[in-house]
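Comments concern the structure below.
The values are calculated or read from the model by the stated rules, or taken from the named source; none is laboratory data. Predicted model, so just to flag it, every value in this text is computed and none were measured. Methodologically, a virtual Cβ is constructed for each residue, glycine included, from the backbone with ideal geometry; neighbour enumeration extends over all protein chains shown. SASA here: full protein model, heavy atoms, side chains in, ligands and nucleic acids out. Shrake-Rupley method; radii C 1.70, N 1.55, O 1.52, S 1.80 Å.
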Amino acid sequence: MNLQSVKTIYLAEMARSLRTVLQSIVSPVVSTSLYFVVFGAAIGSRISEVDGVSYGAFIVPGLIMLMLLTQSVATASFGIFFPRFSGSIYEILSAPISYFEIVLGYVGAAATKSLILGLIVLATARLFVPFTIQYPLVMLLFLVLTAITFSLLGFIIGIWADGFEKLQLVPLLIITPLTFLGGTFYSIDMLPPFWQAVTLLNPVVYLVSGFRWSFYGMGDVSIWASLGMIALFLGVSLAVVNWIFKSGYRLKP
Amino acid sequence: MIRVEGVSKTFRGGFEALRNIDLTIRRGEIFALLGPNGAGKTTLISVICGLVNASAGRVLVDGHDNVAAYRRAREMIGLVPQELTNEAFTTVWDTVSFSRGLFGKPKNPAHIERVLRALTLWEKRNNRLLELSGGMKRRVLIAKALAHEPQVLFLDEPTAGVDVELRREMWNVVRDLRDQGVTIILTTHYIEEAEEMADRIGVIRRGELVLVEEKHALMHQLGRKELTLHLDTPLSAVPPGLASHELTLAEDGHALVYTYDTSRPGKGEGTGISALLTDLEAAGLQVKDLHTRQSSLEEIFVSLVRENA
Ligand SMILES: Nc1ncnc2c1ncn2[C@@H]1O[C@H](COP(=O)(O)OP(=O)(O)OP(=O)(O)O)[C@@H](O)[C@H]1O
Ligand SMILES: [Mg+2]
């Protein structure tokens, strides 16, 4: 294991985030506040409680997930796309490091960043509504696993994309809709039975549900289904990344 | 230092960029790889550095297979790519330090400073790359390649876009490196660069290595020599008595040019010069002056590439 190399990539990526530290922090704080004003105050005043939790508190886990998914994908995809775009990828590919170490550096940095943002959103939300976290360790586990998994997904997108449009496409067309339809702002019990069944095909439902379980001890699906889903996701992402490096896809002719 | 054994590369789509290349680079030499655009120079370097997977054959760097033992092999190599990269927002110091760390070496600011000074980039160390000129950016790439103290340095057209004065400075940097024991492989389109610097020269054409030779031997062997004879009285045609020699008239008949090859004997024995001189005397021509000229590497190169076309 070439720790020095991993550290170098990791720190360079973190430094890149730090250069834009203000945007990095301000934007999630502002958007979280907006969600609270719109959903929590405006709509929440009509919906008093969901599953025995105030609506404001109910949406907190979903909001954090939303931030976590979008930030992980955005940071990791840009992180690896940029050297491909600028041409400096030659250096990474000719360095004495394994594929695993490359992934560790890039994905580790992206996951760290989105984890920190997730915690900032959590703290911001706490300013708006009171809530308690029943299973903090499970919550952290979910945060970490989701950050890693979706950073891996971002890494894959960053390698697949051959232009800035494609880089934006997946988050825009897939991640954001799936998150919004994934029970972020509602309990799927509120849907008619047919749509409930359809929603269960959305993997994000399991993430949001499991994450919410760690807060309030209840979710749309069982915690084991949620853990199983995130494990499956992680496994698939790892397999794809492994295939990318083995085959040289988009990296090595 | 580097052994390339039977390396071929066929790109997806079926283009054969390298065909069965065998090449040995000796420790401590400067090896110049020449060839026209699209010949496969960059592809060959990319295969050695692990950026392109070979379709066949293998590469050993100091005995380490560059696939099976890629860590050992790559640690030794520094690569300066042909294309400029475009990491606009990092500073010179940061990007060069990054390169060192990436190759697994612990921080060593003193070494980075030496490299930057040698490449006259020290003044610019805190500038972001977007604030540098093209020639400076190229030198930054060289600094990055040297940051981890490689034993082998690949320079893919290092002096493209670098002004004449700086080019000479860079040649000196390269020679200094060689004197420190670094093996250097460079590609260039400036033949004078190869002529000036290389110990050995390889010529690659359409994916085939058509020639590998010591520079001096190459210039000697392939060097066409010209003997120019300046005449007292101008001629309108080559006199019949001299028709058996390969002569051409030049300078409005004021000179006769004789082309010969020092390695390939001409008519009779040797270079044919003595026979020519005898015939000149018989023809009654007065020679005022004479000089000889050896063709430059550039002429050799052009004729070689054309000859095989
Ligand atoms: N990734 C690739 N896919 C397909 N063909 C490629 C690829 N890279 C290079 N080639 C082709 O391989 C051939 C050799 O290219 P290469 O870059 O090695 O040439 P070169 O000798 O370095 O030329 P130049 O002097 O212009 O730099 C060219 O015909 C090029 O089009
Ligand atoms: Mg080239």
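The residues of the range B:17-36 that are within 11 Å of ligand 2 (Cβ to nearest atom) and away from chain A (no Cβ under 14 Å), listed by number, are B:LEU33, B:GLY35, B:PRO36. Checking each residue in the range A:187-220 for being part of a loop (DSSP other than H, G, I, E, B) and more than 20 Å from A:ILE175 (Cα to Cα) picks out A:LEU191, A:PRO192, A:GLY217, A:MET218, A:GLY219. The set of residues in the range B:51-71 that are within 8 Å of chain A (Cβ to nearest Cβ) and open to solvent by 30 Å² or more (accessible area, probe 1.4 Å) comprises B:ASN53, B:TYR70, B:ARG71.
Remark: B:LEU44 matches the filter, which requires a residue to be within 12 Å of ligand 1 (Cβ to nearest atom), within 19 Å of A:GLY248 (Cα to Cα) and more than 10 Å from chain A (Cβ to nearest Cβ).
For the range A:38-59, residues that are part of a helix (DSSP H, G or I) and surrounded by fewer than 11 Cβ atoms within 10 Å (Cβ to Cβ) total 1. Each residue in the range B:141-157 was checked for being away from ligand 1 (no atom under 16 Å from the Cβ) and closer than 26 Å to B:PRO36 by Cα, and 4 of them qualify. The single condition among (1) at the interface with another protein chain (Cβ under 8 Å from one of its Cβ atoms); (2) surrounded by 15 or more Cβ atoms within 10 Å (Cβ to Cβ); (3) within 16 Å of ligand 1 (Cβ to nearest atom) that B:LYS105 does not meet is (3).
Looking at the structure I just gave you, is B:ARG74 outside any strand (DSSP E or B), without any contact (Cβ under 8 Å) to a residue 60 or more places away in the chain and either open to solvent by 40 Å² or more (accessible area, probe 1.4 Å) or facing another protein chain (nearest Cβ under 7 Å) (or both)? In short, yes. Pairs meeting the criteria (first residue in the range A:11-27 and farther than 12 Å from A:LYS113 by Cβ, second residue part of a helix (DSSP H, G or I), beta carbons under 6 Å, at least 6 apart or on different chains) are A:ALA12/B:PHE98. Pairs meeting the criteria (first residue in the range B:224-241 and farther than 14 Å from B:LYS288 by Cα, second residue basic (Lys, Arg), beta carbons under 9 Å, at least 6 apart or on different chains) are B:LYS225/B:ARG293; B:GLU226/B:ARG293. Is there a residue being in contact with a His (Cβ under 6 Å, 6 or more places away or on another chain), within 14 Å of chain A (Cβ to nearest Cβ) and not basic (Lys, Arg) anywhere in the range B:138-159? No - not one qualifying residue is present in the range B:138-159. Among the residues of the range A:146-155, none qualifies, meaning not one is in a loop (DSSP other than H, G, I, E, B) and open to solvent by less than 70 Å² (accessible area, probe 1.4 Å). Considering the range B:4-36 alone, what residues qualify as being touching a Leu at 6+ places or on another chain (Cβ under 8 Å) and buried (at least 17 other Cβ atoms within 10 Å of the Cβ)? Hits for the range B:4-36 are B:VAL4, B:VAL7, B:LYS9, B:LEU18, B:ILE21, B:LEU23, B:ILE30, B:PHE31, B:ALA32, B:LEU33. All told, B:GLY14 meets the bar of being within 16 Å of ligand 1 (Cβ to nearest atom) and either over 26 Å from the mean Cα position of the chain (by Cα) or under 21 Å from A:ALA95 (Cα atoms) (or both).
Specify the residue that is nearest to ligand 2 (Cβ to nearest atom); the eligible residues are those in the range B:125-162 that are basic (Lys, Arg) and farther than 26 Å from B:ARG3 by Cα.
Across the range B:125-162, the extreme among qualifying residues is B:ARG138.
B:PHE89 satisfies every condition listed in (1) at the interface with chain A (Cβ under 9 Å from one of its Cβ atoms); (2) open to solvent by less than 30 Å² (accessible area, probe 1.4 Å); (3) touching a Lys or Arg at 6+ places or on another chain (Cβ under 9 Å) except (2).
Checking B:ALA118, B:ALA39 one by one, the residue that is within 16 Å of ligand 2 (Cβ to nearest atom) and at pLDDT below 95 is B:ALA39 and no other. Residues considered: B:LEU84, B:LEU130, B:LEU119. Of these, the only one that is touching a residue at least 24 places away in the same chain (Cβ under 8 Å) and open to solvent by less than 30 Å² (accessible area, probe 1.4 Å) is B:LEU119. Residues in the range A:62-91 that are of a type outside the set (S, T, N, Q), part of a helix (DSSP H, G or I) and at the interface with chain B (Cβ under 10 Å from one of its Cβ atoms): A:PHE82, A:PRO83, A:PHE85, A:ILE89, A:TYR90, A:GLU91.
Exactly one residue out of A:SER114, A:SER94 is among the hydroxyl-bearing types (Ser, Thr, Tyr) and either within 14 Å of chain B (Cβ to nearest Cβ) or surrounded by fewer than 17 Cβ atoms within 10 Å (Cβ to Cβ) (or both): that is A:SER94. Within the range B:121-155, the set of residues being modelled with pLDDT of 90 or more, farther than 24 Å from B:ILE25 by Cβ and outside any helix (DSSP H, G or I) comprises B:LEU121, B:ARG125, B:ASN126, B:ASN127, B:ARG128, B:LEU132. Among the residues examined, A:LEU122 does not qualify as without any contact (Cβ under 8 Å) to a residue 40 or more places away in the chain and of a type outside the set (Gly, Ala, Ser).
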